[in-house]
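What follows is one structure encoded as structure tokens, with my remarks underneath.
The values are calculated or read from the model by the stated rules, or taken from the named source; none is laboratory data. This one's a predicted model, so the numbers in the text were calculated from it and none came from an experiment. Using ideal geometry, Cβ is built from the backbone for each residue, glycine included, and neighbour counts are taken over all protein chains shown. Protein only, heavy atoms only, side chains kept; ligands, DNA and RNA dropped before computing areas. Shrake-Rupley method; radii C 1.70, N 1.55, O 1.52, S 1.80 Å.
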Amino acid sequence: MISQRIQQMSSFIVMDVLERANEIARQGHSVIHLEVGEPDFNTPECVKRAVCRALDAGQTHYTHSLGVPELRQAICDHYAERYQVPVDPEQVIVSSGTSPAMLALFAALLDPGDEVIISDPHYACYPNFITFVQGQPVTVPVYEEDGFQYRPEAIAAKLSRRTKAIFINSPSNPTGNLLSRRRMAAIADLAGSGGAPYVVSDEIYHGLVYEGKEHCILEFTDNAFVLNGFSKMYAMTGLRLGYLIVPRKFVRPIQKIQQNFFISANSVVQMAGIAALKEAGPDVARMRAIYNERRLFIIRRLKELGFGLTVAPTGAFYVFANARHLSHDSYKLAFDILEKAHVGVTPGIDFGQNGEGYLRFSYANSMENIAEGMHRLERYSDAAG
Ligand SMILES: Cc1ncc(COP(=O)(O)O)c(C=O)c1O
């Protein structure tokens, strides 16, 4: 019999969309993928070369469970330079991606029934990480008119003696929006001092910001966990590298998880992570400029097609557009668009109840494909209207 824990786990709808899109493609149709949440760019050359160098040098053994010291130091240097926050390498734990880091974090933080506040809409996997270790996600709705930013007073209203963490993600998946400095400071004020509630900040889309500036939670409070990784900014999804910055008392507990369950992150890829942090700045700048052109284009086209975008997204590579002029059922709508227009989009319901009526468009695709996708969507809308 399959465990209750896994039976309760929801699937990731975007993957269902992708699988159906691939089936349609196998039947000989061209499908435009605006559903996928990963960079379309190749991994920067300096990173690939570092992988090869590490392989040639025989760096293929287990590493320290917390990560290679030079990488942990490079991560600290990155945070010091970018956000002027001092981080001790002792507080950095390197993992095979942000996802396993998230699992280790919640395993170390939550007892059964402990609560974690998450926004609705939110990254689809968050509730599954929390419930997997028997925690309880508590959702706080965020609204289009606020650019899907948390209202700190709405978080305050949901705090209880079981609240262990307030989860933030800026720039956010699925909305592409940034938390303002003011709201982030107000959320940090809700954190405990030296204990719960902690703020858990998923900073995986940092570096992909086109207007304004992203902030690190450590600028506001030390009572926080930072989750980050190399997948998005450095186009390294398949290489699997991420990290945590944690309050000192959590290093040893998370190290135990790392030692028992994961042993260490990939040795070769850790060396590539050092190269990414030290050498890939110009590559990131190039990718960011291209994402920005696509962002401005897709925002303009979606508005022309009648989608609601009250606050233009300024980060990540997503647009979360109000599609209620077409349907209130985002799941049906996404599959209908896929079947009839051969454009893959992600239904808003994948990201929580409050995402219903929206579609997420990813612009991690070429300008040519995005333009073709918008053209097909226009024909679809005309036929629907
Ligand atoms: C908000 C957010 N957090 C975490 C992840 C997982 O990233 P990683 O590839 O580092 O496991 C993703 C991937 O899409 C994401 O969108």
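Some values worked out for this structure:
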{"quantity": "Given (1) more than 11 Å from the ligand (Cβ to nearest atom); (2) open to solvent by 20 Å² or more (accessible area, probe 1.4 Å); (3) among the charged types (D, E, K, R); (4) touching a residue at least 24 places away in the same chain (Cβ under 8 Å), index of the condition Lys249 fails", "calculated": "(4)"}
{"quantity": "Candidates Gly97, Gly58, filtered to the one that is at pLDDT 95 or above, out of contact with any helix residue (DSSP H, G or I) (no Cβ under 9 Å at 6 or more places or on another chain) and on the phi > 0 side of the Ramachandran plot", "calculated": "Gly58"}
{"quantity": "Residue in the stretch 261-277 that is at pLDDT 95 or above, in contact with a Pro (Cβ under 8 Å, 6 or more places away or on another chain) and under 30 Å from Glu368 (Cβ atoms) present", "calculated": "yes"}
{"quantity": "Residue among Arg82, Arg151, Arg162 that is more than 12 Å from the ligand (Cβ to nearest atom), closer than 22 Å to Gly273 by Cβ and of a type in the set (Lys, Arg)", "calculated": "Arg82"}
{"quantity": "Enumeration of residues in the stretch 17-26 that are open to solvent by 30 Å² or more (accessible area, probe 1.4 Å) and either within 16 Å of the ligand (Cβ to nearest atom) or in contact with a Leu (Cβ under 8 Å, 6 or more places away or on another chain) (or both)", "calculated": "Leu18, Arg20"}
{"quantity": "Cβ-Cβ under 6 Å pairs, at least 6 apart or on other chains, the stretch 27-46 side more than 16 Å from the ligand (Cβ to nearest atom), far side part of a loop (DSSP other than H, G, I, E, B)", "calculated": "His29/His342; Val31/His342; Pro44/Ala280; Cys46/Ala280"}
{"quantity": "Pick from the stretch 95-114, criterion open to solvent by 40 Å² or more (accessible area, probe 1.4 Å) and more than 13 Å from the ligand (Cβ to nearest atom), ranking: nearest to Ile254 (Cα to Cα)", "calculated": "Ala107"}
{"quantity": "Selection status of Asn266, more than 19 Å from Glu38 (Cα to Cα), open to solvent by 40 Å² or more (accessible area, probe 1.4 Å), within 16 Å of the ligand (Cβ to nearest atom) and not aliphatic (A, V, I, L, M)", "calculated": "yes"}
{"quantity": "Condition check for Thr139: open to solvent by less than 40 Å² (accessible area, probe 1.4 Å) and of a type in the set (Ser, Thr, Tyr)", "calculated": "no"}
{"quantity": "Positions within the stretch 55-77 being away from the ligand (no atom under 16 Å from the Cβ) and either touching a Leu at 6+ places or on another chain (Cβ under 6 Å) or within 22 Å of Glu219 (Cα to Cα) (or both), in sequence order", "calculated": "Arg72, Gln73, Ala74, Cys76, Asp77"}
{"quantity": "Which numbered condition Pro69 misses (of (1) over 22 Å from Gly281 (Cα atoms); (2) in contact with a Pro (Cβ under 8 Å, 6 or more places away or on another chain); (3) free of Cβ contacts under 8 Å to residues at least 24 places away in the same chain)", "calculated": "(1)"}
{"quantity": "Top-ranked residue of the stretch 190-213 - restricted to ones that are more than 16 Å from the ligand (Cβ to nearest atom) and in contact with a Ser or Thr (Cβ under 8 Å, 6 or more places away or on another chain), ranked as most open to solvent (accessible area, probe 1.4 Å)", "calculated": "Glu211"}
{"quantity": "Considering residues of the stretch 115-129 that are of a type in the set (A, V, I, L, M) and within 13 Å of the ligand (Cβ to nearest atom) only, the residue nearest to Phe320 (Cα to Cα)", "calculated": "Ala124"}
{"quantity": "The one condition in (1) outside any loop (DSSP other than H, G, I, E, B); (2) buried (at least 19 other Cβ atoms within 10 Å of the Cβ) that Phe297 fails to fulfil", "calculated": "(2)"}
{"quantity": "So Asn173, is it polar (S, T, N, Q) and within 11 Å of the ligand (Cβ to nearest atom)", "calculated": "yes"}
{"quantity": "Count of residues meeting criterion [under 15 Å from Tyr123 (Cβ atoms) and assigned to a strand (DSSP E or B)] in the stretch 198-221", "calculated": "3"}
{"quantity": "Of all residues in the stretch 165-180 being free of Cβ contacts under 8 Å to residues at least 60 places away in the same chain and surrounded by 22 or more Cβ atoms within 10 Å (Cβ to Cβ), the one that is farthest from Gln4 (Cα to Cα)", "calculated": "Leu179"}
{"quantity": "Restricting the stretch 121-179 to residues that are assigned to a helix (DSSP H, G or I) and of a type in the set (Ser, Thr, Tyr), the residue that is nearest to Lys232 (Cα to Cα)", "calculated": "Tyr126"}
{"quantity": "Residue within the stretch 222-241 that is more than 15 Å from the ligand (Cβ to nearest atom) and farther than 20 Å from Tyr123 by Cβ present", "calculated": "yes"}
{"quantity": "Options Leu277, Leu326; residue that is in a loop (DSSP other than H, G, I, E, B) and either within 16 Å of the ligand (Cβ to nearest atom) or open to solvent by 20 Å² or more (accessible area, probe 1.4 Å) (or both)", "calculated": "Leu326"}
